[in-house]
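Participant: Could you have a look at this structure, given as structure tokens, before my questions?
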Amino acid sequence: MARYVPALAGGAFTILIVFLIIMKSPATIWKVLNFGQITQLAFWVPGHHPLESVGVNWQTIIFIGGMMVMVEGLGKVGFFRWLCLYVARLVKFKVVAILIAFTLLAGFLAMFIDSITVLLFFAMVTIELARLMKFDPVPIIIAEIFAANVGGAATMAGDPPNIIIGTALGYSFSDFLLNTGLIAWVGMLVAVGYFWLVFRKNL
């Protein structure tokens with residue numbers, strides 16, 4: 001069974017229990033689903049227009065849906081696997097260099113793609129490389145987890161909470177990049193140095 005079927009069924013069941021049986025307020029269902037948001041000008045016109053809404057943020061859902069479609073297509077054609085192997089070849093398959101390169105690359109991609117999705121692809125390729133080259137993949141995966149989280153916090157597109165904040169308050173991609181992005185990448189460079197110091201002997 002497709003995973004979205006139980007997810008949608010669970011959502012419908014939750015609505016039924018909470019709003020109809022417990023709250024006994026059918027009108028609240030329409031308020032929470034918030035389809036009227038789509039008719040607002042701020043929904044369609046980018047810029048500093050706060051989106052006035054209570055309930056479901058459809059901008060976030062549509063954005064993440066479109067991003068997942070794009071990522072699924074890139075994954076099926078092997079883009080992420082090719083990119084990781086290409087970077088590994090650039091650093092001549094040296095394990096410590098792979099640690100640094102994959103950490104920075106995971107952080108960079110997480111700025112534009114959902115961080116968990118980036119991590120799934122990177123972890124898969126890291127484990128594949130570890131089996132071929134006989135090294136422990138755990139330190140590199142730990143570094144990639146950190147990098148994906150920090151990279152995701154750097155922009156509006158990297159994490160769902162950032163998308164919700166940006167659309168609700170009218171912030172743009174560049175607003176996040178110039179504020180949280182600078183702080184995130186200072187932290188990223190510190191983290192890369194830390195992981196290099198801690199894991200270089202093990203690798």
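Participant: Which lysines have a Cα lying under 27 Å from the Cα of Lys134, excluding residues fewer than 8 positions away in the same chain?
Facilitator: Reachable lysines: Lys76, Lys92, Lys94, Lys201.
Participant: With a length cut of 15 Å (Cα positions projected on each helix's long axis) and a Kyte-Doolittle mean of at least -0.5, go through the chain and give me the DSSP H helices that pass.
Facilitator: Numbers: long enough: 4-15 (16 Å, 1.36); 58-76 (27 Å, 1.06); 79-90 (16 Å, 1.19); 95-109 (20 Å, 2.83); 115-133 (26 Å, 1.86); 138-154 (24 Å, 1.69); 182-199 (26 Å, 2.22).
Membrane-span-like by this rule: 4-15, 58-76, 79-90, 95-109, 115-133, 138-154, 182-199.
Participant: Still on this structure, please answer the following. Could you give the size of the charge dipole of the range 97-197 about its Cα centre, using +1 on the Cβ of each K and R and -1 on the Cβ of each D and E, expressed in debye and rounded to the nearest 20?
Facilitator: My answer is approximately 180 debye.
Participant: When the Kirkwood hydrodynamic radius is evaluated over all pairs of different C-alpha atoms of the chain, what value in angstrom, to one decimal, is obtained?
Facilitator: Evaluated on the chain, it is 19.2 Å.
Participant: Relative contact order for the chain using alpha-carbon pairs under 8 Å, separation at least 6, rounded to a whole percent?
Facilitator: 21 percent.
Participant: Given a 1.4 angstrom probe, I'd like the percentage of the accessible area of the chain that is carbon and sulfur, rounded to a whole number.
Facilitator: 74 percent
Participant: Something else about it: Once each part is reduced to its C-alpha centroid, what is the distance from the range 139-189 to the range 4-27 in angstrom?
Facilitator: Cα centroid to Cα centroid, the span is 33 Å.
Participant: Shifting gears a bit: Within 10 Å, at most 10 other Cβ atoms, and a DSSP state outside H, G, I, E, B define an exposed site. Report the longest part of the chain free of exposed trypsin sites (Lys or Arg not before Pro).
Facilitator: So the longest stretch without any such site is 25-91.
Participant: Add -39500 (n - 2.57) for each DSSP H run of 4 or more in the chain, then divide by its residues: what number comes out at 222 nm, to the nearest 500 deg cm²/dmol?
Facilitator: -21500 deg cm²/dmol
Participant: On to the next question. Which of Leu83, Thr14, Val69 sits farthest toward the positive end of the charge dipole of the chain, with +1 on the Cβ of Lys and Arg and -1 on the Cβ of Asp and Glu?
Facilitator: Ranked along the dipole, the leading option is Leu83.
Participant: On to the next question. Kirkwood hydrodynamic radius, computed over distinct alpha-carbon pairs, for the range 91-184: how many Å, to one decimal?
Facilitator: 13.7 Å
The values are calculated or read from the model by the stated rules, or taken from the named source; none is laboratory data. Since this is a predicted model, take the numbers as computed values, not measurements. Here Cβ is always computed from backbone atoms with ideal geometry, including for glycine, and neighbour counts include all displayed protein chains. Only protein heavy atoms, including side chains, enter the accessible area calculation; ligands, DNA and RNA are left aside. Shrake-Rupley method; radii C 1.70, N 1.55, O 1.52, S 1.80 Å.
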